[in-house]
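K.L.:
The structure follows.
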Amino acid sequence: MQYNVLGRTGLNVSRLSFGASALGGVYGPVNESDAIKAVHTALDLGINYFDVAPAYGGTVSETVLGKALRGIPRDRYYLSTKVGKYTKPGGYGEDTLDYSRERIRASLEESSQRLGTDYFDIIHIHDIEYQDRKHAEAALHEGYLSVLELKKEGRVGAVSFGIYPMDLWKRIFSSLDPDAALVHNHYCLNDTRILELIPLAQSKKIGLINASPFACGLLTDHGAPAWHPADVQTRVIFQSAAQYCRRQGTPIAQLALQFATQNPEISTTLFSAADPELVRQNIGWHEQSFNDELLSEVRKMLQPVKNKQWSY
């Protein structure tokens, strides 16, 4: 496993890192024992950065990750969670957004209890664009100042956002001063808009974290879950690309992960898995070079959905 410094955070993060959303059943039913083994496998194979959120599975992801990390020396891994978005247990999309100082501080305490730590290497302000952006200004002002306050108190090592829309990213990069940025669905086979952020990120030493190399499941053989906003016609385009990859002897997920993790200007790429064999598989794929000819053909097939904006 290779390691990169994550911008001004100084964290020497593994090139491939572990997103814990799958531990909460976001992509399907999870066996808790397997999920815990998946975390341990990631650690054993060199992954040292784990990201989670109270919204994933309605706190289930944090709870399972906390069980997996129990007894692991804290200096073996970096840990981030998120604040501001809270999902009803058992119900995807039933979200409460609250970026007030009081709720953020309470959220940090709750996450600390579930994860068994009183210190987070990074805190991401989560999904401020949801619910038609009616909470975005509160997140960019009170929410941001509240997390900066926690950093000054030593509870948090670095301040970040975890969002999707490019216009909000450009506003954040130009008007605020985050230490890192968790950018999802913008550096994968069908969307490379993170490249627009790299020059400013480098000038301000903002550490870039690339998330969703599989485009929330679109770049896999089984496709995206039902909650994904892609319509039927769009899903067919991705399915055709996946079938083409299979005929060439390479799963589209393999090509997607290899493409997403090879840009030297991006410090780390998060993937999510709740099965130890999938963790081994993804790390193995990451360490292999990809087929340039196959990559070129698949990206041509995905041209109709290139940089398509999703309504998450």
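The values are calculated or read from the model by the stated rules, or taken from the named source; none is laboratory data. Here the structure is a predicted model, which is why all the values come from computation and not from measurement. With ideal geometry, Cβ positions are generated from the backbone for all residues, glycine too; neighbour counts draw on all protein chains shown. For the accessible areas, the whole protein counts, side chains as well, though only heavy atoms, and no ligand, DNA or RNA atoms are used. Shrake-Rupley method; radii C 1.70, N 1.55, O 1.52, S 1.80 Å.
K.L.:
Tally the residues that are open to solvent by less than 60 Å² (accessible area, probe 1.4 Å) and outside any helix (DSSP H, G or I), restricting the search to segment 278-297.
P.N.:
In the first step, residues of segment 278-297 are kept if they are open to solvent by less than 60 Å² (accessible area, probe 1.4 Å); the result is 279, 282-286, 290, 294-296.
Filter once more, so that each one left must be outside any helix (DSSP H, G or I): 290.
Number of matching residues: 1.
K.L.:
Can you tell which of G28, G90 is open to solvent by 30 Å² or more (accessible area, probe 1.4 Å), at pLDDT below 95 and assigned to a loop (DSSP other than H, G, I, E, B)? Give the derivation first.
P.N.:
On the way: G28 fails: open to solvent by 30 Å² or more (accessible area, probe 1.4 Å).
Exactly one of G28, G90 is open to solvent by 30 Å² or more (accessible area, probe 1.4 Å), at pLDDT below 95 and assigned to a loop (DSSP other than H, G, I, E, B), namely G90.
Here is a yes/no grid of residues against (1) open to solvent by 40 Å² or more (accessible area, probe 1.4 Å); (2) closer than 27 Å to S17 by Cβ; (3) β-branched (V, I, T):
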| position | (1), (2), (3) |
| --- | --- |
| E94 | yes, no, no |
| R101 | yes, no, no |
| F120 | no, yes, no |
| R133 | yes, no, no |
| A136 | no, yes, no |
| L145 | yes, no, no |
| K151 | yes, yes, no |
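K.L.:
Is it the case that segment 233-240 has a residue that's among the hydroxyl-bearing types (S, T, Y) and buried (at least 21 other Cβ atoms within 10 Å of the Cβ)? Lay out the reasoning, then the answer.
P.N.:
First, the residues of segment 233-240 that are among the hydroxyl-bearing types (S, T, Y): 234, 240.
Filter once more, so that each one left must be buried (at least 21 other Cβ atoms within 10 Å of the Cβ): none.
No, segment 233-240 has no match at all.
K.L.:
If the requirement is being closer than 23 Å to V279 by Cα, in contact with a Phe, Trp or Tyr (Cβ under 7 Å, 6 or more places away or on another chain) and assigned to a helix (DSSP H, G or I), which of these qualifies: A68, A35, A42, A55?
P.N.:
On the way: A68 fails: in contact with a Phe, Trp or Tyr (Cβ under 7 Å, 6 or more places away or on another chain); A35 fails: in contact with a Phe, Trp or Tyr (Cβ under 7 Å, 6 or more places away or on another chain); A55 fails: assigned to a helix (DSSP H, G or I).
Step by step, each of A68, A35, A42, A55 is checked, and only A42 is closer than 23 Å to V279 by Cα, in contact with a Phe, Trp or Tyr (Cβ under 7 Å, 6 or more places away or on another chain) and assigned to a helix (DSSP H, G or I).
K.L.:
Sticking with this structure for a sec: Just the residues that are closer than 18 Å to A224 by Cβ and of a type in the set (A, V, I, L, M), please, taken from segment 17-32. First the steps, then the outcome.
P.N.:
Here is the first cut: in segment 17-32, the ones closer than 18 Å to A224 by Cβ are 19, 21-22, 24-30.
Matches in segment 17-32: A22, V26, V30.
K.L.:
Kindly indicate whether L255 is at pLDDT 95 or above, hydrophobic (A, V, I, L, M, F, W, C), touching a strand residue (DSSP E or B) at 6+ places or on another chain (Cβ under 9 Å) and open to solvent by less than 30 Å² (accessible area, probe 1.4 Å). Steps first, please.
P.N.:
Numbers: at pLDDT 95 or above: yes; hydrophobic (A, V, I, L, M, F, W, C): yes; touching a strand residue (DSSP E or B) at 6+ places or on another chain (Cβ under 9 Å): no; open to solvent by less than 30 Å² (accessible area, probe 1.4 Å): yes.
Taking the combined requirement at face value, the residue does not satisfy it.
K.L.:
Please tell me if V83 is within 27 Å of A138 (Cβ to Cβ), surrounded by 21 or more Cβ atoms within 10 Å (Cβ to Cβ) and not small (G, A, S).
P.N.:
So V83 fits the description; yes.
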